[in-house]
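Data block below; observations after.
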Amino acid sequence: MEIQHPFSLLDIERELNEEQKAIASVVRKFVNDRIKPNIAGWFESGEIPARELAKELGTIGLLGMHLTGYGCAGVDATSYGLACLELEAGDSGIRSLVSVQGSLAMFAIHAFGSETQKEEWLPPMARGDAIGCFGLSEADFGSNPSGMLTNAKQDGSDWIINGSKMWITNGTIADVAVIWAQSADGIRGFCVPTDTPGFKANLIKHKLSLRASVTAELVFTDMRVPDSTRLPGATSLRAPLLCLTEARYGIVFGTVGAARDCFEVALAYASTREQFDGPISRHQLTQSKFAEMATSLNTAMLLALHLGKIKDDHKIRTEQISMGKFNNARAALEIAREARSILGAAGITSEYSIFRHMANLESVLTYEGTHEIHTLIIGEALTGIAAFR
């Protein structure tokens with residue numbers, strides 16, 4: 001019995017050029033060879049060889065791959081999106097490692113850093129020899145970063161930073177932290193080596209989601225840094241928000257990868273699991289589930305590719321990326337839940353990837369802007385009225 005690939009229904013590959021197909025194929029092979037055989041164990045233990053993986057990811061050119069110069073691959077936005085899709089088909093935590101490195105830490109330095117900062121950090125980060133993290137969210141200020149309490153006070157030619165950041169991916173393994181703080185002149189960004197006195201990273205444990213990802217609290221206590229660590233191009237809250245928009249774009253594709261893997265696992269299971277003298281895939285209610293999931297999955301993929309084309313034309317708008325995350329994160333979570341139901345009790349075990357994806361997607365739905373925040377961004381774009389307060 002031949003199983004139909006979910007994207008073949010609409011012949012989606014015709015939307016891709018040969019280079020994009022090749023990049024997706026390379027990342028898919030890496031995920032199949034390196035991630036999928038190990039991810040269940042990493043998820044259960046809550047530990048991941050992040051530094052080792054970063055070097056491997058750097059070797060195949062995935063870190064900061066959409067940036068130009070400084071050892072970065074400089075591929076188009078759609079290719080980067082496809083890489084995120086294939087990575088998240090392995091696990092959301094692996095895509096987060098790449099996304100935080102490239103679309104948050106490296107992008108911030110690339111877009112707002114000095115030439116010295118770019119030369120110092122971007123080449124080793126692209127190789128995976130140095131790891132970055134992005135310190136914006138705080139325990140009490142996530143959706144409203146403008147209220148952050150972390151502060152930077154100028155003291156001669158130095159800055160003294162006090163405060164803390166929460167839910168920071170790569171925090172305990174990072175060599176450099178991009179830190180955002182309130183100053184007398186507004187929010188400023190700093191590119192800080194993590195061996196700076198006064199910097200401390202505490203590993204967050206007991207997570208039930210994104211367990212194959214390093215998450216930390218950052219604490220700054222009278223941390224003195226020279227003005228040379230300040231990102232000169234970052235002069236307001238707009239700078240970190242642009243970084244978030246960059247990272248959200250990768251999620252638009254990444255969630256499709258998690259959903260595709262859930263669909264494929266459920267379809268393969270249903271073709272071999274027999275009840276009532278035949279595979280459960282022959283039953284009408286099961287086929288109804290697959291039809292709904294496949295339609296939602298293809299719609300999400302086409303939306304991602306459409307946004308990729310707009311981004312490649314350098315015309316992407318914030319609300320467009322918000323709509324992509326709004327739709328695709330929700331669709332992926334719904335697909336994961338439906339796919340899990342097809343596997344029954346088997347669907348809650350780590351033998352299959354579905355429940356792990358489902359747990360991860362609960363976090364993806366709320367990070368890089370909660371579902372509610374993206375709802376309001378879309379609402380403001382439609383009505384002209386900001387309803388955040």
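The values are calculated or read from the model by the stated rules, or taken from the named source; none is laboratory data. On a predicted model such as this, the values are computed, not experimentally measured, just so you know. No Cβ is skipped: glycine too gets one built from the backbone with ideal geometry, and neighbour counts run over all protein chains shown. When the accessible area is computed, the model is the full protein with side chains, heavy atoms only, and any ligands, DNA or RNA have been set aside. Shrake-Rupley method; radii C 1.70, N 1.55, O 1.52, S 1.80 Å.
Overview of results
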| item | result |
| --- | --- |
| Accessible area (Å², 1.4 Å probe, nearest 10) - Val75 | 30 Å² |
| The chain - charge dipole about Cα centre, Lys and Arg +1 at Cβ, Asp and Glu -1, debye rounded to 20 | 380 debye |
| Reach of Lys29 by Cα under 21 Å, taken over lysines that are not fewer than 8 positions away in the same chain | Lys21, Lys55 |
| Positive-end extreme of charge dipole, the range 274-319 - chosen from Ile316, Gly278, Met293 (charges on Cβ) | Ile316 |
| Gyration tensor (Cα) of the chain, equivalent ellipsoid semi-axes in angstrom | 37, 21, 20 |
| Accessible surface of Trp121 - all protein chains present, 1.4 Å probe, nearest 10 Å² | 30 Å² |
| Theoretical gain in end-to-end length, Ala184 to Glu15 [0.36 nm per residue, Cα-Cα removed] | 55.9 nm |
| Calculated over the range 3-127: convex hull of Cα atoms, volume per residue (Å³) | 111 Å³ |
| Top positive-direction residue, dipole computed over the range 153-278 with Cβ charges, set Thr255, Ile187, Cys243 | Ile187 |
| Net length gained if the chain between Glu44 and Thr59 were fully extended (0.36 nm per residue, minus Cα distance) | 2.7 nm |
| Gap separating the Cα centres of the range 316-357 and the range 1-63, nearest whole Å | 17 Å |
| CD proxy at 222 nm, helix term only [per DSSP H run n ≥ 4: -39500 (n - 2.57); per residue of the chain; nearest 500] | -15500 deg cm²/dmol |
| Extension gain, Ser350 back to Glu319 (0.36 nm per residue minus Cα-Cα distance, nm) | 7.5 nm |
| About the Cα centre, charge dipole magnitude for the range 338-389 (Lys/Arg +1, Asp/Glu -1 at Cβ), debye | 40 debye |
| Residues with amide H under 5 Å from that of Gly135, placed H, sequence gap 5 or more | Val178, Ile179, Trp180 |
| Candidate lysines - alpha carbon under 21 Å from Lys325, same-chain residues fewer than 8 apart omitted | Lys309, Lys311, Lys315 |
| Accessible area of the range 100-145 belonging to carbon and sulfur atoms, whole % at 1.4 Å probe | 49 percent |
